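Undergrad: Attaching a single structure in C-alpha cells format; questions to follow.
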C-alpha cells in the first residue's frame, strides 16, 4: 500500500463507508483533530489515493433490475482491436466495469440493464461495432452482497 500509515488507512476506510461524513466526525473516528484530518484528506486526494466521492444508488430502485456479466473473447490481440474495443465499450452507458482478464476470456464486462430487451439492444450494438470471437453472458439472479470499500483499515497488513 502506497506509503499510508494506519491513520490514513482509517480515514480512507471511513470515506469509503460514507463520503458525506463531516470532517469533525471522521477526525473523531480516527483520533485526530479536524485540521490535521482535513490536511490528510487533501494529501490523499493530491496523491490520487482518493479519486472521487460519489453517492451509491440502489440499481433496482432506478429501474436497472438486471445485472449481467459478459465474457468477451477477442478475435485477435492487436493494439488496433484493443483500442477499438475499449473505445466502443467506454461509450456504452450500460457498461459499469471493464476488466482485461488472464485465462480463457479476454475481457469481462459488468452491465446494468433495465430488462432483456435493453440487454439485446446492447448486445447488437456491441457486436455490430467491433468484431468479437465469442460473447458469453451470465445473468445474476440475486445480488447477495456488494461493496465498493476495500479492506484498508485492517491492522495486520
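Undergrad: What angle do you read, to the nearest 10 degrees and between 0 and 90, between the alpha-carbon axis of helix 116-129 and the longest principal axis of the chain?
TA: Approximately 70 degrees, to the nearest ten.
Undergrad: Taking every pair of distinct Cα atoms and averaging 1/r, then inverting, what Kirkwood hydrodynamic radius in Å comes out for the stretch 79-130?
TA: 11.7
Undergrad: So what's the back-of-envelope 222 nm ellipticity for the chain, counting only DSSP H runs of four-plus at -39500 (n - 2.57) apiece and dividing by all residues, rounded to 500?
TA: Values: 5 runs with 59 residues, N = 157.
The per-residue figure over the chain is -11500 deg cm²/dmol.
Undergrad: Tell me the Kirkwood hydrodynamic radius of the stretch 9-66 in angstroms, computed as one over the mean inverse distance between distinct C-alpha pairs. Could you put the intermediate results ahead of the total?
TA: Working: mean 1/r = 0.0795 Å⁻¹.
Evaluated over the stretch 9-66, this radius sits at 12.6 Å.
Undergrad: Which value, to two decimals, describes the C-alpha radius of gyration of the stretch 19-108 once divided by 2.2 N^0.38 Å? Don't skip to the answer; put the middle values down first.
TA: On the way: Rg = 19.8 Å, N = 90, 2.2 N^0.38 = 12.2 Å.
Its radius of gyration relative to the 2.2 N^0.38 Å reference: 1.63.
Undergrad: Sorting 21, 15 on the 10 Å Cβ count, fewest up front, what's the list? Working shown, then result.
TA: Values: 21 14, 15 19.
Fewest-to-most ranking of 21, 15: 21, 15.
Undergrad: Further question: Where the centroid of each part is defined by its Cα atoms, how far is the stretch 69-131 from the stretch 7-53 in Å?
TA: First find each Cα centre; the distance between them is then 35 Å.
Undergrad: Continuing with the same structure: Among 143, 40, 82, what is the fewest-to-most ranking by other Cβ atoms within 10 Å?
TA: Working: 143 9, 40 21, 82 15.
Sorted ascending by nearby Cβ count, the order is 143, 82, 40.
Undergrad: Another question, then. Using r as the Cβ-Cβ distance of residue 54 and residue 117, and R0 as 25 Å, what FRET efficiency do you calculate, to the nearest 0.05? Could the numbers behind the result be given before it?
TA: Numbers: r = 28 Å, r/R0 = 1.13.
The value I calculate is 0.30.
Undergrad: A further question follows. Measure nothing but the geometry: give the 0 to 90° angle between the long axis through the Cα atoms of 79-90 and the longest principal axis through the Cα atoms of the chain, rounded to 10°.
TA: Once rounded, the angle reads 70 degrees.
Undergrad: For a label point 7 Å from the Cα of residue 104 along Cα→C-beta, name the residues of the stretch 130-155 whose backbone N is under 14 Å from it.
TA: 134-138
Undergrad: In nm, what is the difference between 0.36 nm times the number of residues separating residue 42 and residue 145 and their Cα-Cα distance?
TA: Values: separation 103, 0.36 × 103 = 37.08 nm, distance 3.10 nm.
Length gained, residue 42 through residue 145: 34.0 nm.
Any read-out appearing in this document is the output of simple, stated calculations on the displayed coordinates, not a laboratory observation. Everything numeric here is computed off the predicted structure, so don't read it as measured data. Neighbour counts run over all protein chains shown; Cβ positions are idealised from the backbone, glycine included.
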